[in-house]
1. For the range 167-201, which residues satisfy the criterion of being within 15 Å of the chain's Cα centre (by Cα) and either without any contact (Cβ under 8 Å) to a residue 12 or more places away in the chain or closer than 16 Å to G109 by Cα (or both)?
2. State which residue pairs qualify: first residue over 30 Å from A122 (Cα atoms) and inside the range 321-332, second residue surrounded by fewer than 17 Cβ atoms within 10 Å (Cβ to Cβ) and of a type in the set (D, E, K, R) in any location, beta carbons under 6 Å apart, and separation of 6 or more residues or different chains.
3. Answer yes or no as to whether T74 is hydroxyl-bearing (S, T, Y) and touching a strand residue (DSSP E or B) at 6+ places or on another chain (Cβ under 7 Å).
4. Test A22 against the criterion of being buried (at least 19 other Cβ atoms within 10 Å of the Cβ), of a type in the set (A, V, I, L, M) and assigned to a helix (DSSP H, G or I), and give yes or no.
5. Based on what the data block shows, is S94 in contact with a Leu (Cβ under 8 Å, 6 or more places away or on another chain), under 22 Å from G309 (Cβ atoms), of a type in the set (G, A, S) and surrounded by fewer than 24 Cβ atoms within 10 Å (Cβ to Cβ)?
6. Name the residue that is surrounded by the most Cβ atoms within 10 Å (Cβ to Cβ), counting only residues in the range 97-130 that are of a type in the set (V, I, T) and over 18 Å from the mean Cα position of the chain (by Cα).
7. Could you check how many residues of the range 131-149 are at pLDDT below 95 and among the polar types (S, T, N, Q)?
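The values are calculated or read from the model by the stated rules, or taken from the named source; none is laboratory data. In this text, all values refer to a predicted model and were calculated from it rather than measured experimentally. Glycine also receives a Cβ, built like all others from the backbone with ideal geometry; neighbour counts cover every protein chain displayed.
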Amino acid sequence: MAKRIGSDVICLPNAPVVRGAAAVGTSMEAKGPLGAELDHVFRDAKVGAETWEQAESRLQSEAVRLAIRNAGTTHDAVQLLLGGDLLNQCMATSFSARDLHLPLAGLYGACSTMALSLALAALLTECGAVQTAVACTSSHFCAAEKQFRMPLEYGGQRPPTAQWTATASGAAVVCADGRGPRIEAALFGRVEDYGVRDSANMGAAMAPAAASTIATFLRDTNTQPRDYDMILTGDLGSVGSRLLEELLEKEHGVRLGGVHADCGLMLYDGKAQDVHAGGSGCGCSAAVVCGYILRRLREGTLRRVLFVGTGALLSGVSPLQGETVPGVAHAVLLTNGEGQA
């Protein structure tokens, strides 16, 4: 049964297993360094749909179907779908769940949703509430631009601090037993707000939450950065990643060394692709974790990865009302499951 250690970390003694996962994207994501890790690539951003929002739902539905297939299980075995997205009322996820006809627990964690859904899926399987759950999320560049900034037709200029919202989705099948990567612990982060008001600089807004969550996880588990193969954030981009290391050292006395990586800097080629400060969006970390990280854990190339999903908690109107951009970061400890049955 799950137990709390320290102030915030929840330890999962049975370590629920990720039996299968899948990541999908479009030609933009396929051109990046991790393009070969995608389970399916849609050549057109519309994905054969009439609207950007419908296209995102199709991305997520495809990721869930492929994850179930990769897990070697069936649609009927899935007892709960945990997911969300960036759109109003999480409409991409709601319509995807409608088409999949699965029980839905809708979540909103902004770009932290992949970590949030994995943590909740693991807790529910750990306590026996479900045997098989799917954690998923998605994002779409065009849909996000229309909702949070300006329609593409406006042709607005993006500042250097802006990040490119991934048109991608990822899904993971979490089970109470089986073989594969394990989820050994989780931490639900606290909302941090350092007064950032620039909605085009989400890396700066999210970095304080990432620093707080990482420092708390290390303290509660009595571990050091060197105890992990990777401490993976998603998605701080280049600006937020620099701030994260500064904040950890100045406020928490923690030096990450060479173990830190960021999904926003992994999914795209920053030199060859015009993504400015890097990638972002729920689908960015979902694609990296479900397409690259979990596969490396399964193969044994990676052993212990602390995945810290970061989210900027703003709406389409909050910046216009003079509000700041708070951030949140949730963490899950992913391991390769050595010694687990």
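1. S169, G170, A171, A186, L187, F188, G189 - these are the residues of the range 167-201 that are within 15 Å of the chain's Cα centre (by Cα) and either without any contact (Cβ under 8 Å) to a residue 12 or more places away in the chain or closer than 16 Å to G109 by Cα (or both).
2. Qualifying pairs under 6 Å: T324/D193; T324/R197.
3. No; evaluated as a whole, the condition is false for this residue.
4. no
5. yes
6. T125
7. Residues in the range 131-149 being at pLDDT below 95 and among the polar types (S, T, N, Q): 1 in total.
Yes/no per residue for (1) in the same structural domain as G278 (by TED's automatic domain parsing); (2) among the polar types (S, T, N, Q); (3) at pLDDT 95 or above; (4) out of contact with any strand residue (DSSP E or B) (no Cβ under 6 Å at 6 or more places or on another chain):
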position	(1), (2), (3), (4)
I10	no, no, yes, no
N14	no, yes, yes, yes
G20	no, no, yes, no
A23	no, no, yes, no
T26	no, yes, yes, no
P33	no, no, yes, yes
K46	no, no, no, yes
A49	no, no, yes, yes
